[in-house]
Every structure is written in C-alpha cells, then in structure tokens.
Amino acid sequence: MKRKYIGLAMGLAAGLALAATSGFAQDAKKPELLSFKPSNLQWEKTKADFTAPSISTCAGCHPKQYEEWQGSMHAMAFQDPVYLGELNLAIKAVGKEISKQCEGCHTPAAFVKGETAELDFKNLSPLAKAGVSCDVCHSIKKFTHWETPSHEPENGSYVLSPGRENADGSVTLTKYGPFPNYEAAAVVFMNVLNLPSI
C-alpha cells in the first residue's frame, strides 16, 4: 500500500515539475516576458517618459481624482512602512533579487526605468515615491493574463506604454482610460484611448 502512495506522490511531483518547466519554456520563447522576472510586467520602451503625479500634471485637470489618489493605498504602495519593513526583511533573508517580485506592482514605472536597482529609501525619486501613480494605471496598454504559464492574472501581468515616438522624432504621451478619445486632453499634451478590456 505504501508503494502505491509513494508512486502516486512521485508521479504527481514529476507532473508538477513538467508543468513548471513547460511554463518557463513558454516564457523563454518570449524574451520580453523575462525582462523583469519574477514580475510579468512588460514595458514598451520609447522616448515617452512616465510622469510623476503633481499639481502641474494630473491635478491641473483632475483635482478630485488627484486628491483621492493622494490618500489611497496606490499612492502609498512604495512608501508604506509595513511594506518597506517586509521588503527589507525579504532582502536581508534572500538578497536584492527578491524585490523584483514586489516592485513590478508597488512602483512599476520606477522599476522598469531601473530607479529601484539600488534601494536607497531615503533618496527615492518622485516617480518611485508615487508608487501606483495615475500615470501607471493610465499607461496600461494591454493585460497579459492569458500569456502567463497558468493562463491567469499573475504578478504584474500587463504591458506599460506611456507613449509613442512619432515619425518626426517627437513624442506623444498616450493615456488609457474608460472613455473614448477626449479632445481637450489632446490639446494639453496627450492622446487618450479606451482602456483595454480584461
């Protein structure tokens, strides 16, 4: 009877190992999925830059939303003392590489730009301090849930695209939202497109 259970356990372990290997093999076929591992975050890198929220950017046209964001967990995502304490414990326990598991969600724009490569919590940039800023959520061009090994949402399974380069070398910031292209926004500095569906 024990042999039956041992054989069953070994078969189950082999099956899980095979499933994990095929998931990683699938990722290896798409180098863009490996850039920020273990986060599944992807970045369409162009000359277009991310914008840290401020009175002169987001709040100028969206004061109510900016005020709501300032008091939110999104705004505190990379400054919360409990989060920072846990992150420091994890880094001390297993090394800096583990922070990639967190930064793809807690401060994605700063993470893809390399601003969190050396964590100096006393000298964080405004972009890093902004955590999950207005620009992060409104720069999500695509969700990649189906592209994960489990075909489900996983850590940072989306594509950030803050803008595009034009043929003349200029940059157009692109923001995604729930409404069709809003003409007044184009007058200011950006192109507003419908948010991708999940």
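Restricting Glu103, Glu86, Glu118 to those that are closer than 30 Å to Pro178 by Cα and of a type in the set (Asp, Glu) reduces the list to Glu103. Scanning the stretch 35-70 for residues that are charged (D, E, K, R) and under 13 Å from Ser133 (Cα atoms) returns Glu67, Glu68. Each residue in the stretch 43-65 was checked for being farther than 24 Å from Ser170 by Cβ and either under 13 Å from the mean Cα position of the chain (by Cα) or at pLDDT 90 or above (or both), and 3 of them qualify. Here no strands (runs of 3 or more DSSP E) wholly within the stretch 88-198 include at least 3 residues being of a type outside the set (S, T, N, Q) and at pLDDT 90 or above. Within the stretch 70-116, the residues that satisfy the criterion of being loosely packed, with under 12 Cβ neighbours inside 10 Å and either polar (S, T, N, Q) or over 15 Å from the mean Cα position of the chain (by Cα) (or both) are Gly71, Met73, Pro81, Val82, Gly85, Leu89, Lys92, Ala93, Val94, Gly95, Glu97.
The values are calculated or read from the model by the stated rules, or taken from the named source; none is laboratory data. Bear in mind the structure is a predicted one, so any value in this text is a computation, not a measurement. For neighbour counting, all protein chains shown are included, and Cβ atoms are generated from backbone atoms with ideal geometry for every residue, glycine included.
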